[in-house]
Each structure stands twice: as C-alpha cells, then as structure tokens.
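Colleague: Here it is: the structure, laid out below.
Rule-based calculations on the coordinates, nothing more; no lab input. What you see is a predicted model, and the numbers here were worked out from it, not measured in a lab. Reconstructed Cβ throughout: ideal geometry from the backbone, glycine too, with neighbour counts over all protein chains shown.
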Amino acid sequence: AALRRHAEVLAAELVCRPCGGATVAVSDRPEAESVRLFIARRLAAGDDGRTAIAAALAIWPEELTQRAPDAMPAWAQWAGPPVLIVCLVLLIAVAWRRMQWGGDAGGAVSSDRAEHERLDRMVDRLVRAHDDQSKPDRDAGV
C-alpha cells in the first residue's frame, strides 16, 4: 500500500502529452496506466523515486515531461490580483491628491532660481526688521 502511494506521488510529477497534458496520476489513458505500472515495478525492484522517474523519461521521451514545480502557492496566485488592484487605487489616489495641491510634493522647495532669490531677499528683510526692532531694547538696557 505504501509502495502504491509512493508510485502515485511520483506519477503526479509526470505530464502525459498524449493524455492532453494531464499528469500520469490522474489520466485514465492506457499510456498513463503503462507509466504508472512501470514506476511501481521500478520501486518494487528497489529504485528510488528519482531513478524511477528518470527511467520513465528515458523510455518515453516524446510522451512524458516532468511537471515544473509550482512557482507560487495557490493562495499567492489568488491574492495577487486583488493586491494589485488595491495598489493601483492607492496610486491613483496619491496622483489625484498631488494634482489637487498643484503638483507640489508636500511643500517641497522650488528649484527655480528666481524663486530662491526672492526667498533670500524676503529672509534678509525679515532679519533686518528683527534687528531694527531689537536695537532700541539693547540700547535701553545698557
């Protein structure tokens, strides 16, 4: 019974081309049955699973291929599209908010040279005004 289960697991790793791309384990075609029996006999003869699969692939190179391992688990394949939709909605919301605020990225300083010069003049005026206001207080205290 354990040998049969092991043979079924190994047969699930082989894809049968004449069987419409189904695995050898699930196909009811005679070709798949022959491969299942061959694998069971090889296991009964003492071969390990990898050797039995390699022998089957060597005998039926045109009819069999080894199934590629799943790249992602099923839950990740199902969760991918909704996650992408949420990311797209967030990206659109952020772009819309930036357009509403005039394209300014959260108060970033303008790189326009004239704007920098205007701001420098404004800061200089504020510093002078502050110094002018604080001079009488310093003179009165001395």
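Colleague: Starting from the amide H of LEU14, placed 1.01 Å from N in the peptide plane, find each other amide H under 5 Å away whose residue is 5 or more places distant or on another chain.
Modeller: Under 5 Å from the amide H of LEU14 lie the amide H atoms of VAL24, ALA25, ARG67, each far enough along the sequence or on another chain.
Colleague: Determine how many Å³ per residue the convex hull of the Cα atoms of segment 2-66 encloses.
Modeller: 65 Å³
Colleague: Under a point-charge model restricted to the Cβ atoms of Lys and Arg (+1) and Asp and Glu (-1), what is the dipole moment magnitude of segment 1-46 relative to its Cα centre, in debye to the nearest 20?
Modeller: Dipole magnitude for segment 1-46 comes out near 140 debye.
Colleague: In terms of the Cα gyration tensor, with a ≥ b ≥ c the square roots of its eigenvalues, is segment 19-104 rounded because a/c is under 1.5, prolate because a/b exceeds b/c, or oblate?
Modeller: Prolate, because a/c is 1.5 or more and a/b exceeds b/c.
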